[in-house]
1. Before we move on, is THR84 in contact with a strand residue (DSSP E or B) (Cβ under 7 Å, 6 or more places away or on another chain) and β-branched (Val, Ile, Thr)?
2. Taking the stated definitions as given, is ALA104 small (Gly, Ala, Ser), modelled with pLDDT of 95 or more, surrounded by 15 or more Cβ atoms within 10 Å (Cβ to Cβ) and closer than 18 Å to THR28 by Cα?
3. Yes or no: region 113-120 includes at least one residue that is of a type outside the set (A, V, I, L, M), modelled with pLDDT of 95 or more and touching a helix residue (DSSP H, G or I) at 6+ places or on another chain (Cβ under 9 Å).
4. Please state which one of ALA64, ALA38, ALA60 is in contact with a Leu (Cβ under 6 Å, 6 or more places away or on another chain) and either among the small types (Gly, Ala, Ser) or modelled with pLDDT under 95 (or both).
5. Taking region 86-101, which residues are of a type in the set (Ser, Thr, Tyr) and either more than 32 Å from the chain's Cα centre (by Cα) or surrounded by 18 or more Cβ atoms within 10 Å (Cβ to Cβ) (or both)?
6. Report every pair of residues separated by at least 6 positions or lying on different chains whose Cβ atoms are under 8 Å apart, first residue within region 34-49 and without any contact (Cβ under 8 Å) to a residue 40 or more places away in the chain, second of a type in the set (Gly, Ala, Ser).
7. Considering GLY221, GLY213, GLY187, which residue is in a strand (DSSP E or B) and either modelled with pLDDT of 85 or more or under 18 Å from VAL163 (Cβ atoms) (or both)?
8. Take the conditions of a type in the set (Lys, Arg) and under 14 Å from SER133 (Cβ atoms) and apply them to LYS65. Does it pass?
Amino acid sequence: MSRAQTINDMTNGIPLNFIDGFASKKVTENDEQTVSAAGVITVAKKDINRCSALEFWFYATTAAKNLAGGDALTVKLYKRVDGTDYLVETLTVTSPAVTALTGAKVDLVSVNPVESYEFYTVEGTITIPSGGSAKLVVGKKSNGISNVVSVSSIDKAQQVSSVPAPVSVTATAQNITLVKAEIKNTGANTIYIRDSAATPTPADVDDYPIYPGEIMGFLTGVYSIVCGAGLTSTLNIVELV
């Protein structure tokens, strides 16, 4: 059975021994729509390829000829079942104003996730000024981020709730209250801990030693901590949820 890493393991760069997730990479595919000189879009069914977003890029491709925008284009999203394509969503994309020799983008907002569909089509007309021209490119993007692993769980590891200030431990016993906490002796001397209120000073045989660099957890309750006579150390606390 794999062991969950302690907070100290993670902060010191020890590799995780259990990851339930997947590596993903952002990918963009571009579908150039056929736009006539009159601005009419040729309707053609295009693959979505499980991409999670559709971006509509409008370009004014002739110098000194701007696109006024405001054209309502119809986007249809289809599911294929047993070889038959079924129309599920019909959406509208409104073209933006575009300055000559530049481009502008409009994102498609759908009810269901775009990646749920197999195909899409675009219908409508882009208003083009006399002597002008336009292009429409639909960018299909994945949902990933390059070189990042999406971790869904780490073998029962916990999320950090809070990191209280380090506690200075002396030869005089003191109480600490812990809530699902991991503790570490980051000082130079042994710290003694007891699962009860403050113990006599110095530590006695009923106290449990936490040696320098040692980690203990997870603890909940009231504990007493103390060092040996004339000694001090430091206790770090990380509370988890």
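The values are calculated or read from the model by the stated rules, or taken from the named source; none is laboratory data. The model shown is predicted, which means the values in this text are computed figures rather than measured ones. Neighbour counts run over all protein chains shown; Cβ positions are idealised from the backbone, glycine included.
1. Spelling it out, it is not the case that THR84 is in contact with a strand residue (DSSP E or B) (Cβ under 7 Å, 6 or more places away or on another chain) and β-branched (Val, Ile, Thr).
2. It is true that ALA104 is small (Gly, Ala, Ser), modelled with pLDDT of 95 or more, surrounded by 15 or more Cβ atoms within 10 Å (Cβ to Cβ) and closer than 18 Å to THR28 by Cα.
3. Quick first cut of region 113-120, residues of a type outside the set (A, V, I, L, M) only: 113, 115-120.
So of that shortlist, the ones also modelled with pLDDT of 95 or more come out as 117-120.
With touching a helix residue (DSSP H, G or I) at 6+ places or on another chain (Cβ under 9 Å) added as a condition, the list becomes 120.
Yes, region 113-120 contains a residue that is of a type outside the set (A, V, I, L, M), modelled with pLDDT of 95 or more and touching a helix residue (DSSP H, G or I) at 6+ places or on another chain (Cβ under 9 Å).
4. Details: ALA64 fails: in contact with a Leu (Cβ under 6 Å, 6 or more places away or on another chain); ALA38 fails: in contact with a Leu (Cβ under 6 Å, 6 or more places away or on another chain).
None of the other options fit; the residue is ALA60.
5. Passing the criteria: TYR86, SER95, THR99.
6. THR34/ALA44; THR42/SER36
7. On the way: GLY213 fails: in a strand (DSSP E or B); GLY187 fails: in a strand (DSSP E or B).
Being in a strand (DSSP E or B) and either modelled with pLDDT of 85 or more or under 18 Å from VAL163 (Cβ atoms) (or both) holds for just one of GLY221, GLY213, GLY187, which is GLY221.
8. Against the criterion (of a type in the set (Lys, Arg) and under 14 Å from SER133 (Cβ atoms)), LYS65 qualifies.
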